[in-house]
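Notes follow once the structure below has been shown.
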Amino acid sequence: MITSLNFRRPLNICFSALSFTLVIVCFLITLAQWADIKESCKRQNRLYINNVTLFFNKYLSGYENIVNEMARTAADQHKFNPNENDDLTLRNWLIERLRIMPDAVSIIHADNDGHFIRLPHLESHQEKGATWDPRKEPWFTIAVEDTDSAHYSVTKDIFTGKERVLTISLPVINGMDGSNNGVLAINLDVEKSEEILNSTYPPMKSRTFVMTKDGQMVISPGYKIADSTLKAIASNASAFRGDFYRNGFYYFYRTIGPQEWFVVQEVAESEMKQLVRHGSIKVLYGMVLTQVILLFCWWALRAALNTIYMRITNGIRNGSIKQTAVEELLFDEIHSAQQRQEKISQDALTDGLTGLANRRAFDTDAEHYNALPNTHIAMIDIDNFKIINDTWGHTVGDVVLKATAELGLRLRGLENITLYRYGGEEIAVLFQDISQEKAQSYLEKWRISLNTRSFRESDLRVSFSAGICKMGGDSLSDVVAKADRLLYQAKKSGKNRILAS
């Protein structure tokens, strides 16, 4: 008996089950969030590398377009003739082009016999220039072999001593006979491209660089990347875009340029895990806080139940619990339940938009009215309601419905007149112990008041048509059909009018 009255055991079991369930749910949420945050980090990196690639494509395409234009102009207007001592026109034209390219180191115009013009011209390197053959450079060989598009390569500039310059080369094709007159090339400062990479803001700590599809570094992030790493990236990056995981690092890449160089972002797995942990720690904090609240609730409930048990015990021993208090409590509860039931019943018979009685209430009341003497029914329909909805929107349509209902309710006064929202924009009215003339007069006042009613929409004018007839003598469906026919005739004869029979 004592065991069956002990509330502590079921209380402890319930709160223990809640606590265990909370831990399991938080664990599952953490796992799902871990995966979501990790995938979100990957999406951010993919978006970042895509933006960097788009920028480099635009950057290189701009210079490629300049080289294309220069190659066409050089073939048609500026003939290269190494036997002529006076090549001032060609040099001036090339130096003008060089000035509009801020990242260009130099321009080289070379013919198929090895003769060339290099701008800017460096006097201190004349000896090197005399022995230098441009035909042996990769950018010359590639451009001569393939004349379809510009070519990119990383070479050494012997004139300035720069170990690495980015060269864009294109053959100079004679527009008259299609012969190859040589190669035009520009050398871009690789350090400028490295500055572009270093000025970007990746979503997390990472290294971004540009490499060839063969695993050669083109633009470094300012520090060396192992050759083995570059070769491994080249072997894994076979598609146009993608990402993969290798040896504790995630690699995200996109291709740029006609030679399909790769823009690569290298993110350490530890860096991504740190971000994932930072995002998931909130769930852990929430679980701990909820456990503390749950523990407090368990303690408070035990204390409250102990107090209740003590009061009941004292009441039994000392008779301190009054019978009237219990009766009052029961009465209040029954009264509250009755009020709630009445409210539910009222809501079930009332239209939520207009405040009128709804169709269910009409079906019930109309059967009763049809059996009484001196009763009338009117069917009302707002004119051009579909046009109102189509022109000003359904919100204005709702305002029109409510305004029409409010006018009808206000004008009825204390008469035995009941308004119902029959459906859509149609309103039904039941009259009891009111003559048809008086009922029709009420409808006319309502119609005129609605005609003169101003709305916020200055061009909006609202009217309704109605049909009214006496009830009784026929079935309810026949009476309603008769009122509907009168309403239809009012609509057909011009709208904004009331017909009675």
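Points worth noting:
- Subset of the range 468-501 [surrounded by fewer than 15 Cβ atoms within 10 Å (Cβ to Cβ), among the hydroxyl-bearing types (Ser, Thr, Tyr) and closer than 30 Å to VAL396 by Cβ]: SER493
- Residue list for the range 48-65, filter: farther than 15 Å from LEU166 by Cα, open to solvent by less than 50 Å² (accessible area, probe 1.4 Å) and either more than 24 Å from the chain's Cα centre (by Cα) or among the hydroxyl-bearing types (Ser, Thr, Tyr) (or both): TYR48, THR53
- Among the residues of the range 195-241, the one identified as of a type in the set (Val, Ile, Thr), assigned to a helix (DSSP H, G or I) and modelled with pLDDT under 85 is ILE196.
- Condition check for LEU188: touching a Pro at 6+ places or on another chain (Cβ under 9 Å) and either modelled with pLDDT under 85 or surrounded by 20 or more Cβ atoms within 10 Å (Cβ to Cβ) (or both): no
- Residue in the range 127-138 that is under 51 Å from the mean Cα position of the chain (by Cα), at pLDDT 80 or above and assigned by TED's automatic domain parsing to the domain that holds THR73 present: yes
- Flag for SER465 being modelled with pLDDT of 90 or more, surrounded by 20 or more Cβ atoms within 10 Å (Cβ to Cβ) and either touching a helix residue (DSSP H, G or I) at 6+ places or on another chain (Cβ under 6 Å) or charged (D, E, K, R) (or both): yes
- Annotation: ARG421 fulfils all but one of (1) buried (at least 21 other Cβ atoms within 10 Å of the Cβ); (2) of a type in the set (D, E, K, R); (3) over 25 Å from VAL479 (Cβ atoms); the unmet one is (3).
- Residue match in the range 88-110 (condition: modelled with pLDDT under 80, buried (at least 16 other Cβ atoms within 10 Å of the Cβ), over 19 Å from VAL190 (Cβ atoms) and touching a Phe, Trp or Tyr at 6+ places or on another chain (Cβ under 8 Å)): yes
- Single residue of THR255, THR208, THR212 found to be touching a Leu at 6+ places or on another chain (Cβ under 6 Å), assigned by TED's automatic domain parsing to the domain that holds GLY62 and surrounded by 14 or more Cβ atoms within 10 Å (Cβ to Cβ): THR208
- Among residues of the range 298-313 that are surrounded by 10 or more Cβ atoms within 10 Å (Cβ to Cβ) and modelled with pLDDT of 70 or more, those with a beta-carbon under 8 Å from a residue that is not acidic (Asp, Glu) and not in a helix (DSSP H, G or I) at least six positions away or on a different chain give the pairs LEU305/PHE7.
- Test: residue in the range 408-426 that is among the polar types (S, T, N, Q) and within 21 Å of GLU367 (Cβ to Cβ): yes
- Taking the criterion of being at negative phi, open to solvent by 10 Å² or more (accessible area, probe 1.4 Å) and touching an Asp or Glu at 6+ places or on another chain (Cβ under 9 Å), the residues of the range 222-249 that qualify are THR229, LYS231, ALA234, PHE240, TYR245, PHE249.
The values are calculated or read from the model by the stated rules, or taken from the named source; none is laboratory data. Please read these numbers as outputs of a predicted model, since none were measured by experiment. Every residue, glycine as well, gets a Cβ built from its backbone with ideal geometry; the counts of neighbours run over all protein chains shown. Quick note on the areas: whole protein, heavy atoms, side chains included, nothing else; ligands and nucleic acids left out. Shrake-Rupley method; radii C 1.70, N 1.55, O 1.52, S 1.80 Å.
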